[in-house]
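Colleague: Questions regarding the structure given below will be posed in turn.
The values are calculated or read from the model by the stated rules, or taken from the named source; none is laboratory data. Because the structure is predicted, anything quoted here is derived from the model rather than measured. Note that we place each Cβ from the backbone using ideal geometry, even for glycine, and neighbour counts take in every protein chain shown. Areas reflect the complete protein model, heavy atoms only, side chains present, ligands, DNA and RNA absent. Shrake-Rupley method; radii C 1.70, N 1.55, O 1.52, S 1.80 Å.
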Amino acid sequence: QAQLVESGGGLVQAGGSLRLSCAASGGIFSRRAMGWFRQAPGKEREFVAAINWNGGTTSYADSVKGRFTISRVNAKNTVYLQMNSLKPEDTAVYYCAARLSGSIGTLPLEYDYWGQGTQVTVSS
(Lines give C-alpha, C1' and ligand atoms only; values in the text may rest on other atoms or scores of the structure.)
Protein backbone atom coordinates (compact mmCIF):
# COMPACT_ATOMS: atom_id res chain seq x y z
CA GLN A 1 0.00 0.00 0.00
CA ALA A 2 1.42 3.36 -1.07
CA GLN A 3 2.01 5.62 1.89
CA LEU A 4 3.87 8.79 2.84
CA VAL A 5 4.41 9.58 6.51
CA GLU A 6 5.76 12.95 7.62
CA SER A 7 7.42 13.67 10.94
CA GLY A 8 9.49 16.36 12.59
CA GLY A 9 7.00 19.18 12.90
CA GLY A 10 6.55 21.17 16.07
CA LEU A 11 6.71 24.54 17.77
CA VAL A 12 9.82 26.66 17.36
CA GLN A 13 10.76 30.27 17.97
CA ALA A 14 11.48 32.61 15.10
CA GLY A 15 15.03 32.16 13.90
CA GLY A 16 15.06 28.51 14.89
CA SER A 17 15.33 25.34 12.83
CA LEU A 18 13.39 22.16 12.19
CA ARG A 19 13.98 19.16 9.98
CA LEU A 20 11.00 17.40 8.47
CA SER A 21 11.20 13.83 7.28
CA CYS A 22 8.93 11.91 4.93
CA ALA A 23 9.16 8.14 4.78
CA ALA A 24 7.69 6.46 1.70
CA SER A 25 6.47 2.92 1.29
CA GLY A 26 4.60 0.88 -1.29
CA GLY A 27 6.88 1.53 -4.22
CA ILE A 28 6.18 5.24 -4.64
CA PHE A 29 9.68 6.56 -3.93
CA SER A 30 12.07 4.90 -6.32
CA ARG A 31 12.62 7.00 -9.45
CA ARG A 32 9.92 9.46 -8.38
CA ALA A 33 10.23 13.18 -7.83
CA MET A 34 9.26 14.32 -4.35
CA GLY A 35 7.92 17.62 -3.12
CA TRP A 36 7.03 19.56 -0.01
CA PHE A 37 3.99 21.81 0.12
CA ARG A 38 2.39 23.78 2.92
CA GLN A 39 -1.02 25.12 3.77
CA ALA A 40 -1.79 27.84 6.29
CA PRO A 41 -5.29 28.36 7.69
CA GLY A 42 -7.54 30.05 5.14
CA LYS A 43 -4.95 29.81 2.39
CA GLU A 44 -4.39 27.55 -0.58
CA ARG A 45 -1.79 24.83 -0.55
CA GLU A 46 1.48 26.23 -1.86
CA PHE A 47 4.71 24.83 -3.23
CA VAL A 48 7.74 24.86 -0.93
CA ALA A 49 10.43 22.65 -2.49
CA ALA A 50 10.91 19.69 -4.81
CA ILE A 51 13.66 17.26 -5.75
CA ASN A 52 13.99 15.01 -8.75
CA TRP A 53 14.37 11.25 -8.57
CA ASN A 54 18.14 11.14 -8.09
CA GLY A 55 18.56 14.33 -6.09
CA GLY A 56 20.41 16.08 -8.88
CA THR A 57 17.86 18.84 -9.36
CA THR A 58 16.00 20.88 -6.77
CA SER A 59 13.56 23.76 -6.85
CA TYR A 60 12.40 26.16 -4.16
CA ALA A 61 9.71 28.74 -3.66
CA ASP A 62 11.15 32.24 -3.54
CA SER A 63 9.86 32.67 0.00
CA VAL A 64 12.08 29.86 1.33
CA LYS A 65 15.08 30.05 -0.98
CA GLY A 66 18.31 30.26 0.99
CA ARG A 67 16.63 29.10 4.21
CA PHE A 68 15.21 25.66 3.36
CA THR A 69 17.01 22.67 1.87
CA ILE A 70 15.37 19.59 0.39
CA SER A 71 17.30 16.34 0.18
CA ARG A 72 16.66 12.63 -0.20
CA VAL A 73 18.26 9.33 0.75
CA ASN A 74 17.03 6.80 -1.76
CA ALA A 75 18.37 3.86 0.22
CA LYS A 76 16.04 4.89 3.06
CA ASN A 77 13.05 5.88 0.88
CA THR A 78 13.09 9.18 2.74
CA VAL A 79 13.00 12.83 1.76
CA TYR A 80 13.93 15.65 4.13
CA LEU A 81 13.24 19.34 4.45
CA GLN A 82 15.77 21.24 6.54
CA MET A 83 14.24 24.54 7.59
CA ASN A 84 16.49 27.26 9.03
CA SER A 85 15.88 30.88 10.01
CA LEU A 86 12.21 30.13 10.46
CA LYS A 87 9.74 32.99 10.41
CA PRO A 88 6.19 33.24 11.81
CA GLU A 89 4.89 33.28 8.23
CA ASP A 90 6.29 29.76 7.77
CA THR A 91 3.59 28.49 10.13
CA ALA A 92 1.49 25.92 8.28
CA VAL A 93 0.75 22.25 7.87
CA TYR A 94 3.54 20.80 5.74
CA TYR A 95 2.77 18.00 3.31
CA CYS A 96 5.06 15.57 1.55
CA ALA A 97 4.06 14.48 -1.95
CA ALA A 98 5.25 12.04 -4.61
CA ARG A 99 4.94 12.22 -8.39
CA LEU A 100 4.75 9.31 -10.78
CA SER A 101 7.28 11.22 -12.87
CA GLY A 102 10.96 11.47 -11.97
CA SER A 103 11.14 15.16 -12.84
CA ILE A 104 10.24 18.08 -10.61
CA GLY A 105 6.76 19.57 -10.42
CA THR A 106 5.72 22.72 -8.57
CA LEU A 107 1.94 22.44 -8.69
CA PRO A 108 -0.13 20.31 -6.30
CA LEU A 109 -2.04 18.77 -9.21
CA GLU A 110 1.21 17.34 -10.56
CA TYR A 111 1.59 15.05 -7.53
CA ASP A 112 -0.12 11.72 -7.13
CA TYR A 113 0.41 10.73 -3.51
CA TRP A 114 0.21 12.81 -0.37
CA GLY A 115 1.07 12.40 3.28
CA GLN A 116 -1.21 13.37 6.12
CA GLY A 117 0.76 16.50 6.98
CA THR A 118 2.75 17.72 9.96
CA GLN A 119 2.15 20.99 11.79
CA VAL A 120 4.92 23.59 11.96
CA THR A 121 4.32 26.57 14.21
CA VAL A 122 6.80 29.42 14.45
CA SER A 123 6.30 31.84 17.32
CA SER A 124 7.48 35.44 17.20
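Colleague: If I ask for residues that are more than 15 Å from Ser101 (Cα to Cα) and of a type in the set (D, E, K, R), which ones from the range 19-65 would you list?
Modeller: Arg19, Arg38, Lys43, Glu44, Arg45, Glu46, Asp62, Lys65
Colleague: Look through the range 61-91, keep the residues that are farther than 16 Å from Cys22 by Cα and outside any loop (DSSP other than H, G, I, E, B), and return whichever of them is least open to solvent (accessible area, probe 1.4 Å).
Modeller: Asp90
Colleague: Kindly check whether there is at least one residue in the range 92-99 that is open to solvent by 40 Å² or more (accessible area, probe 1.4 Å) and either under 14 Å from the mean Cα position of the chain (by Cα) or not hydroxyl-bearing (Ser, Thr, Tyr) (or both).
Modeller: First, pick out the residues of the range 92-99 that are open to solvent by 40 Å² or more (accessible area, probe 1.4 Å): none.
Within the range 92-99 (the criterion being open to solvent by 40 Å² or more (accessible area, probe 1.4 Å) and either under 14 Å from the mean Cα position of the chain (by Cα) or not hydroxyl-bearing (Ser, Thr, Tyr) (or both)), the answer is no, since none of the residues qualifies.
Colleague: Considering only the range 16-36, I want to know if a residue exists there that is open to solvent by 30 Å² or more (accessible area, probe 1.4 Å), of a type in the set (D, E, K, R) and touching a helix residue (DSSP H, G or I) at 6+ places or on another chain (Cβ under 8 Å).
Modeller: The answer is no; no qualifying residue exists.
Colleague: Are there any pairs with C-beta distances below 9 angstrom linking a residue in the range 15-26 that is over 15 Å from Gln116 (Cβ atoms) to a residue that is small (Gly, Ala, Ser) and open to solvent by 50 Å² or more (accessible area, probe 1.4 Å), with the two at least 6 apart or on different chains, and if so which?
Modeller: Gly15/Ser85; Gly16/Ser85; Ser17/Ser85
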